[in-house]
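Data block below; observations after.
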Amino acid sequence: MSNTLHVDYKLMSYDETVKIVEEAMRAARQEIPKGEVADYIPELGKVDPNQLGICIYPLRGDKICLGDYQTRFTIQSISKIISLCVALELFGAEKLFEKVEAEPSGEAFNSLVELDLNSNKPYNPLINSGALAVAGMLIEEVSFHDMLRFARELCDDDQIVMNRDVYDSEMATCSRNRAIAYLLESKGIIRTDVEDALRFYTKLCSLDVTAESLANFANRLANDGVGNISEKRYLSSKNVRIVKTLMLTCGMYDGSGTYAVEVGIPTKSGVGGGLLAVSDKRAGIGVFGPSLDKKGNSIAGCRLLKEIASRLRLTLFFDTDLLNASRKNYSLNDFPKHHLK
Ligand code: GLN
């Protein structure tokens with residue numbers, strides 16, 4: 001067998017691509033009963049676990065949207081990406097990383113052990129302690145309404161609002177996040193009003209989005225921070241690189257390493273069932289699947305991304321076998337458009 005990599009640039013048709021995503025949806029649905037909806041936030045416990053939707057928004061080519069891609073659900077931890085983007089733009093990387101590290105924690109998203117015992121800074125901005133530290137910085141400069149505006153703009157979705165029921169439900173049960181926030185204050189990381197920072201963080205987690213809004217946001221991250229149609233720059237190239245790198249190393253919490261091996265697309269999860277996945281220079285992907293695995297990541301959503309990652313050539317790294325296996329039906333540089341069918 002030759003070990004030379006031959007890349008075939010043949011385009012598959014839009015219909016073929018849709019067929020692959022439909023097959024992946026069928027495989028992913030099998031995972032739903034193996035997971036559970038998050039119920040530590042009581043309101044999330046009421047969500048129907050059987051929902052599944054995806055929106056793939058290529059940089060070039062048409063959107064592919066299937067299943068419950070227009071259903072609203074709370075963004076939860078994916079809001080940490082919005083906060084990180086805004087914090088990087090406002091303060092710059094140097095100032096931000098004075099407050100929070102950029103290391104995977106290997107602990108659950110809501111852990112305070114490593115913060116208490118090993119470090120005087122949260123491990124990264126994508127776990128609760130890190131996001132609360134970022135919230136403490138942001139509230140000195142921006143209001144919740146400013147953040148809502150940023151969220152709507154980045155996601156190209158002006159229907160995004162705060163889900164009041166989920167917010168109230170989380171605020172009534174967030175002792176653990178409150179403990180983290182006060183621990184951050186004791187370490188001098190939060191210097192503003194702790195309760196304000198906690199409310200700000202929780203409000204952002206309660207924003208109602210769709211898989212399609214996440215795909216719009218991911219598309220801009222995949223395109224270096226620039227709108228692929230408007231050509232408007234939303235975020236600096238340097239900051240987008242930092243965000244994507246952190247998504248790859250820390251976006252799936254203590255499941256980040258395995259996920260990187262199995263899927264290989266920088267992704268951020270939320271306990272509302274959302275996934276924001278960025279296939280760099282190729283496509284932005286949003287997924288909604290509220291049944292979660294033990295680490296709080298969408299169980300069917302991860303399977304869905306795993307299924308399409310290699311077949312649509314969305315992964316960061318390819319091995320030769322994988323390239324050969326998918327040779328007939330991939331597109332390297334272009335996603336198919338409707339008119340190519
Ligand atoms: N609001 C949730 C929390 O703070 C977000 C967690 C998540 O999505 N992983 O617990």
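The values are calculated or read from the model by the stated rules, or taken from the named source; none is laboratory data. Just so it is clear, the structure is predicted and the values come from calculations on it, not from any experiment. Counting neighbours? That spans all protein chains shown, and the Cβs are built from the backbone with ideal geometry, glycine included. Side chains are part of the model used for accessible areas, which takes the heavy atoms of the whole protein and leaves out ligands, DNA and RNA. Shrake-Rupley method; radii C 1.70, N 1.55, O 1.52, S 1.80 Å.
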Review point. For segment 41-80, which residues satisfy the criterion of being on the phi < 0 side of the Ramachandran plot, within 16 Å of the ligand (Cβ to nearest atom) and among the polar types (S, T, N, Q)?
Key: Thr74, Ser77, Ser79
**Study point:** Scan of segment 134-146 for residues that are crowded, with 24+ Cβ neighbours inside 10 Å and either under 19 Å from the mean Cα position of the chain (by Cα) or assigned to a loop (DSSP other than H, G, I, E, B) (or both), ordered by number
**Key:** Val134, Ala135
Review point. Does Lys306 satisfy the condition of being touching a helix residue (DSSP H, G or I) at 6+ places or on another chain (Cβ under 6 Å), more than 15 Å from the ligand (Cβ to nearest atom), open to solvent by 10 Å² or more (accessible area, probe 1.4 Å) and modelled with pLDDT of 95 or more?
Key: yes
Revision key, fill the gap. Of (1) in contact with a Phe, Trp or Tyr (Cβ under 7 Å, 6 or more places away or on another chain); (2) open to solvent by 10 Å² or more (accessible area, probe 1.4 Å); (3) of a type outside the set (Ser, Thr, Tyr), Phe150 fails just (1)
Check your understanding: Quick check: anything in segment 237-244 surrounded by fewer than 16 Cβ atoms within 10 Å (Cβ to Cβ) and over 24 Å from Phe97 (Cβ atoms)?
Key -> no
Revision key, fill the gap. Of the listed residues (Lys244, Lys238), the one being away from the ligand (no atom under 16 Å from the Cβ), on the phi < 0 side of the Ramachandran plot, free of Cβ contacts under 8 Å to residues at least 60 places away in the same chain and in a helix (DSSP H, G or I) is Lys244
Practice item. May I ask you to list the residues in segment 65-117 that are in contact with a Cys (Cβ under 8 Å, 6 or more places away or on another chain) and hydroxyl-bearing (Ser, Thr, Tyr)? Key: Tyr69, Thr74, Ser77, Ser79, Ser105
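Here is a yes/no grid of residues against (1) within 27 Å of Glu231 (Cα to Cα); (2) over 19 Å from the mean Cα position of the chain (by Cα):
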| position | (1), (2) |
| --- | --- |
| Ile20 | no, yes |
| Ala24 | no, yes |
| Ile32 | no, yes |
| Tyr57 | yes, no |
| Gly61 | yes, yes |
Review point. Quick check: is even one residue across segment 172-190 of a type in the set (Val, Ile, Thr), touching a Leu at 6+ places or on another chain (Cβ under 6 Å) and either more than 22 Å from Leu275 (Cα to Cα) or away from the ligand (no atom under 15 Å from the Cβ) (or both)?
Key: yes
Study note, to complete from the structure: Within segment 261-280, of all residues that are buried (at least 21 other Cβ atoms within 10 Å of the Cβ) and among the hydrophobic types (A, V, I, L, M, F, W, C), the one nearest to the ligand (Cβ to nearest atom) is Val271
